[in-house]
Amino acid sequence: MSIIYFSPNIYMTIIKIITDDDVNKFNRMAPKHEVVMAGFFMVGCPACKQFKPEWETFLKDAEEEEDSNVLIAEVDSNQISKVDFDTSTLEGFPSVFIKHKKNEDVDEFKDSRTSDSLKNFLKMAVNASKKTRGGKKTKRKRKT
């Protein structure tokens, strides 16, 4: 008899939310991640079509990143009301937001719509998340 060990997923999780099943999967997965990044798109939207190649490049690069605490979602406009994500400040398409698990804050992406800007936005959120998670504390030696 052999035993198979499965290593945990070390890579970022990426999900495209088009169907109700995708919504259910996202709603189950999102609370398990420290950082959730969501891009909201509408079919037929000219600005979305223009931004989509940069978004796809960003997603392709993110697939290789080793950070299991990050979930990235691409949300179709027809599913917005069903996802457990604060969209109260969503004013148009495309829009990208990041939600932090610890403080429930939602930050909107307002930089230039390039894959590099998206990477930087996510990197800042991950770094901020690591700071709020805390690190290993070191003991100080007492002076005698």
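The values are calculated or read from the model by the stated rules, or taken from the named source; none is laboratory data. Please read all numbers here as calculations on a predicted model, not as lab measurements. Ideal geometry is used to build each Cβ from the backbone, glycine not excepted, and the neighbour counts take in all protein chains shown. Ligands, DNA and RNA are stripped out before the accessible areas are found, and what is left, the full protein with its side chains, is counted by its heavy atoms. Shrake-Rupley method; radii C 1.70, N 1.55, O 1.52, S 1.80 Å.
Table for the structure above
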read-out: Residue 43 paired with residue 108, simple spin-label distance in nm, labels 7 Å along Cα-to-beta-carbon; value: 2.6
read-out: Farthest toward positive dipole pole in segment 13-144 [+1 Lys/Arg, -1 Asp/Glu at C-beta], among 55, 33, 45; value: 33
read-out: Heavy atoms of residue 87: accessible area, 1.4 Å probe, square angstrom to 10; value: 40
read-out: Per residue, in Å², the accessible surface of segment 9-61 once ligands and nucleic acids are set aside, probe 1.4 Å; value: 54
read-out: Aspartates and glutamates with Cα under 15 Å of residue 123, excluding same-chain neighbours fewer than 8 positions away; value: 34, 61, 63, 64, 65, 66, 67, 107, 108, 111
read-out: Restraint check, 16/99; 25/101; 25/110; 99/131; 16/101, Cα-Cα greater than 26 Å; value: 25/110
read-out: Heavy-atom accessible surface of segment 60-113: percent carbon and sulfur, 1.4 Å; value: 34
